[in-house]
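Some notes on the structure that comes next.
The values are calculated or read from the model by the stated rules, or taken from the named source; none is laboratory data. Owing to the predicted nature of the structure, the values given are computational and were not obtained by experimental measurement. Here Cβ is always computed from backbone atoms with ideal geometry, including for glycine, and neighbour counts include all displayed protein chains. Heavy atoms of the whole protein, side chains included, go into the accessibility calculation; ligands, DNA and RNA do not. Shrake-Rupley method; radii C 1.70, N 1.55, O 1.52, S 1.80 Å.
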Amino acid sequence: MRPRDNLAYAWQTLRSQPMRSALMMLAMAIGVGSVVVLTALGEGARRYVLDQFSSLGTHLLIVIPGRAETSGGTPGVLSGVTPRDLTLDDAAAVARSRQVARVAPLNVGAAQVSHGARGREAVILGSTAEFLHIRHMRLAAGRFLPPGDPAHAASVCVLGAKMRSELFGAAPVLGAWLRIGDRRFRVIGVLAPQGQQMGFNTDETVVIPVAAAQQLFDTPSLFRIMVEARGRDSVERAKIDIGEILKARHEGEEDVTVVTQDAILSTFDRILGALTLAVAGIAAISLSVAGILIMNVMLISVAQRRSEIGLLKAIGATPATIRRLFFTEAALLSLIGSLLGWLLGWLASLGITWLYPTLHATPPLWAVLAALGMALGMGIVFSLLPARRAARLDAALALARR
Amino acid sequence: MRARDFLPLALGALIDKPMRSFLAALGIAVGVAAVILLTAIGEGLHRFVLAEFTQFGTNIIAIQPGKTQTHGASVGMFGSVRPLSLEDAEALKRVPQVTACVPVVQGNAEVEWSAGQGDSRSRRVTLYAVGPDFPRAFRMAVALGSFLPPDDLNAPRAFAVLGAKVRQELFGELSPLGQRIRVGGQRYRVVGVMAAKGQVLGFDLDDTVYIPAARGLELFNRAGLMEIDVVHDPEARPESVVAGIRRVLSARHGSEDFTITPQQQQLEVMSSVLDVLTFAVGALGGISLLVGGVGILALMTITVTERTAEIGLLNALGAGHGQIMALFLGESAGLAALGGAVGLSIGLALAQLLHLLLPDLPVYLSWTYILAAEGVAFTIGILAGLAPARRAARMDPVEALRSE
């Protein structure tokens with residue numbers, strides 16, 4: 001039998017039992033579709049996190065005071081303080097490294113912000129002019145903190161978008177004075193709305209010069225130093241450089257942790273990747289169930305088509321030909337079913353992206369290929385037994401039974 | 001048809017064709033086993049996490065400076081214009097039903113011990129500057145010596161208590177009691193060693209040193225505490241204690257510039273998140289169950305076609321629509337129930353095996369999910385049987401008999 005005849009024959013068989021074929025394809029389609037949708041969701045979540053991170057800045061390193069001997073948990077969780085402060089001078093020294101493009105010291109705290117009768121508590125970020133560039137923030141109006149000596153505590157502030165609307169409403173804001181804690185600051189700029197970034201909402205913050213924040217919170221120490229390396233290649237060298245500079249400045253004591261953004265990023269990447277794989281694996285169990293279904297139906301079909309198989313053998317079909325016939329049938333079934341499932345999954349992913357525009361749920365190529373391949377493989381593996389049974393039928397007996 | 005006749009007729013058809021019944025039931029079994037195994041892991045994880053958190057007691061209320069929350073923690077921990085003071089912590093002891101009150105400053109410092117002859121060992125540790133009630137509040141045991149004594153609030157003696165790991169690293173088998181160590185450059189005398197506690201959610205609790213809170217504020221040059229932990233009477237209602245704390249602190253600060261988080265509340269949030277997770281994982285396993293249901297549907301469709309003559313005969317003998325329908329529904333439901341039972345035993349066996357192979361992976365079999373999986377399997381069986389059974393019931397007896 002030529003391959004074309006083989007295919008036509010198998011197709012004919014499937015068409016003659018539309019209900020049965022449709023159900024088997026449906027089973028395959030459910031399995032493949034769920035793998036495609038779930039990996040699309042996982043991929044969407046991964047991309048979302050990556051986007052969030054790159055919007056925080058590129059080639060970023062973060063210097064955190066304190067170091068733990070046992071490395072448990074993410075270093076970013078370290079909230080501790082240390083006997084030796086991380087100071088503005090440390091930040092200035094780090095900036096002198098060849099590998100470093102920009103440095104922004106950072107202080108964080110909470111304080112009551114009020115203007116006239118309106119007031120609310122807000123997160124206060126103390127930093128320098130460089131912060132705007134490092135964190136890739138944009139201004140909606142006015143200007144950012146003025147460059148100059150970071151130790152100079154100018155009484156100026158830049159408002160987050162939401163702070164502006166809550167404190168001032170529609171009133172003009174540039175040049176107005178407001179009160180943060182027990183000090184007065186003049187508003188010189190407003191940040192463009194950014195929304196949530198890694199659970200931190202920059203719209204609800206107020207940025208003031210780092211020295212002013214240190215006075216406000218009565219602390220000589222910095223919370224973090226944000227460092228931007230010159231390029232992707234210099235991130236690792238910058239990390240070593242910063243460690244050495246600070247060690248020399250801190251009398252040989254290694255009491256800081258330097259985290260590269262890439263390290264945090266790859267951790268998240270790994271976790272989300274593993275999660276996607278696990279979820280896809282669970283969904284793939286359903287493909288094996290679909291395979292069992294195909295085997296069951298084909299076994300029944302072998303039993304029902306005894307006389308037909310007998311006839312085929314009587315007119316000279318070899319066992320291999322018969323086997324190939326059943327393989328083709330199974331392969332055709334799983335192929336159509338899985339293509340259908342892929343289409344369904346793809347449509348569902350589009351629907352999810354349409355419903356939640358922040359989540360770009362696109363099924364990754366590897367998942368689609370794996371799902372299709374696995375479906376096809378399952379179909380063929382589970383048709384082995386029925387095909388063998390059909391091929392072993394004795395022509396005379398099979399014909400005589402009827 | 002009597003029930004006694006009904007069962008052999010419906011189940012007899014299943015036994016008559018063992019291979020196909022087995023395969024159809026196997027589909028359901030794989031689905032049920034997947035659901036049971038996955039939810040067992042989910043539930044186990046749930047219990048593990050809750051146990052990790054509740055080992056410090058459940059009647060703890062945390063107070064942090066600042067009111068704005070990000071990442072579930074108050075930003076006021078890092079800096080605040082209205083810090084929480086040691087006196088605040090002292091005042092909270094007078095709130096009704098409060099049994100203990102622990103001021104906390106957490107930091108990171110170098111600990112050093114010189115054994116003499118130039119042999120000096122040092123280690124960077126997590127430093128907790130706390131009040132004397134700490135072991136009682138967090139149910140931690142002291143292994144050697146005693147915890148920090150209840151000294152004067154603002155001028156406590158320079159005593160330190162070591163975590164189990166720090167003791168091991170610095171002193172080895174020697175007794176650390178009475179030894180002088182340096183913490184962040186200042187001199188302290190070791191008065192006790194905590195019992196080993198191990199890692200809690202990736203955080204090593206033994207790599208720590210405890211010093212008095214006032215000394216911690218001085219060492220880190222901080223204006224205020226990071227947190228005050230209040231333990232209340234287990235009999236008391238947390239709401240009334242929270243109200244009492246709010247009243248006292250608001251009166252002291254002039255406004256509500258702090259965040260109160262009862263641990264109960266945190267536990268509830270965490271518990272609901274983990275519940276959703278378990279449910280989602282179970283639903284993923286449910287996809288296989290659905291495919292298994294399609295398998296039963298396909299089998300029943302084939303069966304009805306094959307047994308047209310039999311149905312015609314039953315019809316001719318006077319079997320009603322309802323009876324024929326019940327017969328086929330019983331067959332599909334029986335298949336599903338059988339598959340469910342097999343799946344249950346596979347799932348249980350796999351869960352036990354997993355528990356034996358990986359003792360660290362928490363596995364817990366929850367009856368709710370087992371019953372739910374069986375229920376869903378049974379329902380799927382009935383639903384899958386519905387369409388073929390209706391087709392069988394509606395057959396014209398004359399036509400059906402003629403097809404033979």
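Results, tabulated for the structure shown:
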| quantity | calculated |
| --- | --- |
| Qualifying positions in segment A:350-386 - of a type in the set (S, T, N, Q), in contact with a Gly (Cβ under 8 Å, 6 or more places away or on another chain) and open to solvent by less than 40 Å² (accessible area, probe 1.4 Å) | A:T353 |
| Every residue from segment A:240-285 that is of a type in the set (D, E, K, R) and surrounded by fewer than 20 Cβ atoms within 10 Å (Cβ to Cβ) | A:E244, A:K247, A:R249, A:E251, A:E253, A:E254, A:D262, A:D269, A:R270 |
| Residue list for segment B:137-158, restricted to those being within 19 Å of B:A91 (Cβ to Cβ) and either within 14 Å of chain A (Cβ to nearest Cβ) or open to solvent by 20 Å² or more (accessible area, probe 1.4 Å) (or both) | B:P150, B:D151, B:D152, B:L153, B:N154, B:A155 |
| Residue match in segment B:272-290 (condition: exposed (fewer than 15 other Cβ atoms within 10 Å of the Cβ), under 34 Å from the mean Cα position of the chain (by Cα), over 17 Å from B:L38 (Cα atoms) and at pLDDT 85 or above) | yes |
| Residue within segment A:229-239 that is surrounded by 22 or more Cβ atoms within 10 Å (Cβ to Cβ), touching a strand residue (DSSP E or B) at 6+ places or on another chain (Cβ under 8 Å) and at negative phi present | yes |
| Subset of segment B:51-73 that is farther than 29 Å from B:A141 by Cα and surrounded by 19 or more Cβ atoms within 10 Å (Cβ to Cβ) - its residue that is modelled with the highest pLDDT | B:G66 |
| Selected residue (criterion: farthest from the other protein chains (Cβ to nearest Cβ)) from residues of segment A:250-301 that are of a type in the set (S, T, N, Q) and farther than 30 Å from B:M300 by Cβ | A:T260 |
| Residues located in segment A:256-285, provided they are among the β-branched types (V, I, T) and in contact with a Leu (Cβ under 8 Å, 6 or more places away or on another chain) | A:V256, A:T257, A:V258, A:V259, A:T260, A:T276, A:V279, A:I282 |
| Residue among A:D149, A:D182, A:D203 that is of a type outside the set (K, R), open to solvent by 30 Å² or more (accessible area, probe 1.4 Å) and closer than 30 Å to A:V100 by Cβ | A:D149 |
| A:E121, sole failed condition from (1) in contact (Cβ under 8 Å) with a residue 40 or more places away in the chain; (2) part of a strand (DSSP E or B) | (1) |
| Single residue of segment B:179-213 satisfying the filter (over 36 Å from the mean Cα position of the chain (by Cα) and hydrophobic (A, V, I, L, M, F, W, C)) that is most open to solvent (accessible area, probe 1.4 Å) | B:V191 |
| Unmet requirement for A:T219, which otherwise passes all of (1) in a loop (DSSP other than H, G, I, E, B); (2) open to solvent by 20 Å² or more (accessible area, probe 1.4 Å); (3) more than 30 Å from A:L167 (Cβ to Cβ) | (3) |
| Elements of type helices (runs of 4 or more DSSP H) contained in segment A:314-402, each with 1 or more residues being within 15 Å of A:V36 (Cβ to Cβ) | A:319-355, A:365-382 |
| Residues of segment B:160-178 classified as under 14 Å from B:T126 (Cα atoms) and more than 39 Å from the chain's Cα centre (by Cα), total | 0 |
| Near pairs, Cβ below 6 angstrom, 6+ apart or cross-chain, from segment B:370-396 (assigned to a helix (DSSP H, G or I)) to any residue that is open to solvent by 60 Å² or more (accessible area, probe 1.4 Å) and not acidic (D, E) | B:A393/B:H321 |
| Filter result for B:V191 (β-branched (V, I, T) and either modelled with pLDDT under 90 or in contact with a Lys or Arg (Cβ under 7 Å, 6 or more places away or on another chain) (or both)) | no |
| Leading residue by the ranking (least open to solvent (accessible area, probe 1.4 Å)) among those in segment A:85-111 that are under 22 Å from B:F220 (Cβ atoms) and assigned to a loop (DSSP other than H, G, I, E, B) | A:L86 |
| Enumeration of residues in segment A:97-136 that are farther than 21 Å from A:D241 by Cα, within 13 Å of chain B (Cβ to nearest Cβ) and either within 28 Å of the chain's Cα centre (by Cα) or aromatic (F, W, Y) (or both) | A:V108, A:V123, A:L125 |
| Check on B:G320, in the same structural domain as B:R390 (by TED's automatic domain parsing), more than 17 Å from B:G12 (Cα to Cα) and open to solvent by less than 10 Å² (accessible area, probe 1.4 Å) | no |
| For B:E256: the one exception among (1) more than 9 Å from chain A (Cβ to nearest Cβ); (2) modelled with pLDDT of 85 or more; (3) within 26 Å of A:D218 (Cβ to Cβ) | (2) |
